[in-house]
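Down below is the structure, laid out as structure tokens.
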């Protein structure tokens, strides 16, 4: 009997469930699933000590427990607060929570570059998902954003601090998966950065996992960077007999070519089993792997858009079709829209074609 | 004349050194406490009603009784001497001129809590005070007040001084513990609280310098006697470090029975506003507590006289009140610009945010930039609402109180001096020429002639 874990009843957004004692509110919410699950940018269930930093998972506790039913005065980080018997939690049903969450998203985005179209993480970025759900369409931040130089941390990993949201996950990975952590957080406040002191490469068989845990595009795979967009790739579960790790991975293919290898991730975007650098960076041939079948991707994920069935590659390249001419614009916009002034040669305008340009032309006439 | 129990002997020549300190009744509390059981010492502190002097004002006896006491696990007492709050310099004064008072308080407290190894975590900038403290510890040790088997009671205690490296955040107790362990000074997520899992995962009590020094008079005169000083739950005396536009800036010990008005205008204390100017506003408890305009500072919203007590200063909540805080009493005269003042504070908090959690890391920088714009005549009226919105979303949503500390001054400045912000926005040229802000907040009340 002594070994038996206590079971606590907890109510999250009017849904009552039973979970083991010692479960965090976030994990309890995840066992319910659906909309009540608070977003988590820094918490990672497989990394001890992670969480509590990004504040996106704030929830309101309206009753602490059956024994002490007082509400908690502040919103609490659900990832680091354990459930109690009879606890009542409000996640999306609380206006305070939604407001705070929107605030946190705004804070996270003020210094994050909004250049998703050129970011390698686009399509699998947690911050992108979060801002679609909670962000505003406009920004109230009118100042220059914080920027950093890109750094290559060895041959495989690139760090672009400009995108970092300082979740500390990569620091925990290095602490808990490798023998010696070689990178950490330098400075403090809004000028703090993840860095190796001073310029070092990260050498460890498992350090590649920092790429998988990074919720944004701050740590990217140099062997894959800008090779392809994730939604053009088809993920497939595969395994190999690896002496270092479990060898269970996801291959990201386009055609027969393996573009990249990542660990398998669950529905919360968390790695199921850590993989080694050999599997991740070296084994990029289909013949290295035993393919199990397509990875199940959420129907709503942009990645599931990448199932190109029955597409046909053109036989010749575009200039051949166009009689040797390499077009600047693929579509002649004059024929599509009356708005554009057909008199103006778009190719002769310096810089982007804005309304000012068209206005000036009219004045001259 | 206000009663002094902490710094009453500070003017005795040579009180900084052991011999003179001992001659003047020093270390008597250790002798007395060691005849009592540790639980009785804690009980005495509880009776005294002593509240933490670091800023939060949590009852010290209660904090001590929360300390977990598992078998075979060491317990630690840590003295928080990382006094970095702008406007607060009372601990420096205490440590510089009465180092043995702190050592004495530490020995008694260590005995009460069963801490064999006690640490003083001191602000790195107080470099010369480290030498003073270490000399005092060496003196105490050579006179057998520290080390093994103190006074033959079998109690062993060592005190170590650890220097910080210049971070305001390391004054937050869990960040202090991280820093003491040799890690990056990031606040920990609570729970677990230090009383359960503190330094090296052992139960730990972190107390302010002044709190620990106040243990000495409590033991000497008895908790009940100490509780008779002051009003209500604000027992004992409090050190206040007064600065700003006053005639006599400095550290004052008050028993908490005087009014704010008397403290500002009384000859015994600040001696009135400098250069014959008028009082405009005041931050009564260190930079992070809300600023109050003169009319609300001297009288509460209900029209009662505001006293220098924890309760009276907090009367009216944040809408019309403030906090006792750490006792950094900053006075602004009619010539001071609240916008510029708020900008200075915002810059400080932006610089000192640890960068761990997002609202504080990003929000403090954002607030500073907006305030910079308003101050330098580039602001918009919507910026003021934006500032309000930002501070609202930082407050209470962060790991540690630094987020609150950064949000409160901005909130209070907008709450009480919104027209001054608007004046800055609407008169950008004039606000650049004369940076006085508006002067009509000057006190409407008669000054006390003591």
Residue in the stretch B:342-351 that is without any contact (Cβ under 8 Å) to a residue 12 or more places away in the chain, crowded, with 24+ Cβ neighbours inside 10 Å, within 11 Å of chain A (Cβ to nearest Cβ) and assigned to a helix (DSSP H, G or I) present: no
Can you give me the ranges of the strands (runs of 3 or more DSSP E) entirely in the stretch B:172-265 with at least 2 residues that are within 14 Å of chain A (Cβ to nearest Cβ) and without any contact (Cβ under 8 Å) to a residue 12 or more places away in the chain? none
Given the structure, is residue B:383 modelled with pLDDT of 90 or more, more than 8 Å from every other protein chain (Cβ to nearest Cβ) and more than 26 Å from the chain's Cα centre (by Cα)? yes
Output the residue which, of all residues in the stretch A:103-127 that are touching a helix residue (DSSP H, G or I) at 6+ places or on another chain (Cβ under 8 Å) and free of Cβ contacts under 8 Å to residues at least 24 places away in the same chain, is surrounded by the most Cβ atoms within 10 Å (Cβ to Cβ). A:107
For residues that are part of a helix (DSSP H, G or I) and either crowded, with 23+ Cβ neighbours inside 10 Å or more than 7 Å from every other protein chain (Cβ to nearest Cβ) (or both), tally how many sit in the stretch B:353-380. 17
Considering the stretch A:87-102, residues that are touching a strand residue (DSSP E or B) at 6+ places or on another chain (Cβ under 6 Å) and surrounded by fewer than 23 Cβ atoms within 10 Å (Cβ to Cβ), and then whichever is farthest from the other protein chains (Cβ to nearest Cβ), we arrive at A:88
Out of the residues in the stretch A:18-40 that are part of a helix (DSSP H, G or I) and touching a strand residue (DSSP E or B) at 6+ places or on another chain (Cβ under 7 Å), state the one that is surrounded by the most Cβ atoms within 10 Å (Cβ to Cβ). A:29
Here the residues within the stretch A:41-81 that are modelled with pLDDT of 90 or more and part of a strand (DSSP E or B) are A:58, A:59, A:60, A:61, A:62, A:76, A:77
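Here is a yes/no grid of residues against (1) more than 10 Å from chain B (Cβ to nearest Cβ); (2) within 30 Å of residue A:195 (Cβ to Cβ):
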site: A:66; (1), (2): yes, no
site: A:81; (1), (2): no, no
site: A:106; (1), (2): no, yes
site: A:110; (1), (2): no, yes
site: A:135; (1), (2): yes, yes
site: A:146; (1), (2): no, yes
Return a yes/no flag: does the stretch B:61-83 have any residue that is closer than 28 Å to residue B:164 by Cα, out of contact with any helix residue (DSSP H, G or I) (no Cβ under 6 Å at 6 or more places or on another chain), in a helix (DSSP H, G or I) and in contact (Cβ under 8 Å) with a residue 40 or more places away in the chain. yes
What about residue A:53, is it in the same structural domain as residue A:98 (by TED's automatic domain parsing) and surrounded by fewer than 20 Cβ atoms within 10 Å (Cβ to Cβ)? no
Considering the stretch B:25-45 alone, what residues qualify as being out of contact with any helix residue (DSSP H, G or I) (no Cβ under 9 Å at 6 or more places or on another chain) and either closer than 13 Å to residue B:63 by Cα or part of a helix (DSSP H, G or I) (or both)? B:31
Within the stretch A:176-211, considering residues that are surrounded by fewer than 22 Cβ atoms within 10 Å (Cβ to Cβ) and in contact (Cβ under 8 Å) with a residue 60 or more places away in the chain, the one farthest from the other protein chains (Cβ to nearest Cβ): A:205
Residue that is nearest to the chain's Cα centre (by Cα), among those in the stretch B:386-432 that are assigned to a helix (DSSP H, G or I), facing chain A (nearest Cβ under 9 Å) and in contact (Cβ under 8 Å) with a residue 12 or more places away in the chain: B:394
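Scan the stretch A:41-55 for residues that are within 12 Å of chain B (Cβ to nearest Cβ) and out of contact with any strand residue (DSSP E or B) (no Cβ under 9 Å at 6 or more places or on another chain) and jot them down.
Passing the criteria: A:41, A:42, A:49, A:50.
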Conditions: (1) in contact with a helix residue (DSSP H, G or I) (Cβ under 8 Å, 6 or more places away or on another chain); (2) crowded, with 16+ Cβ neighbours inside 10 Å. Residue A:147 meets all but one. Number of the miss? (2)
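The values are calculated or read from the model by the stated rules, or taken from the named source; none is laboratory data. Remember, predicted model here, so these are calculated numbers, not experimental data. Positions of Cβ are backbone-derived with ideal geometry, glycine not excepted, and every protein chain shown enters the neighbour counts.
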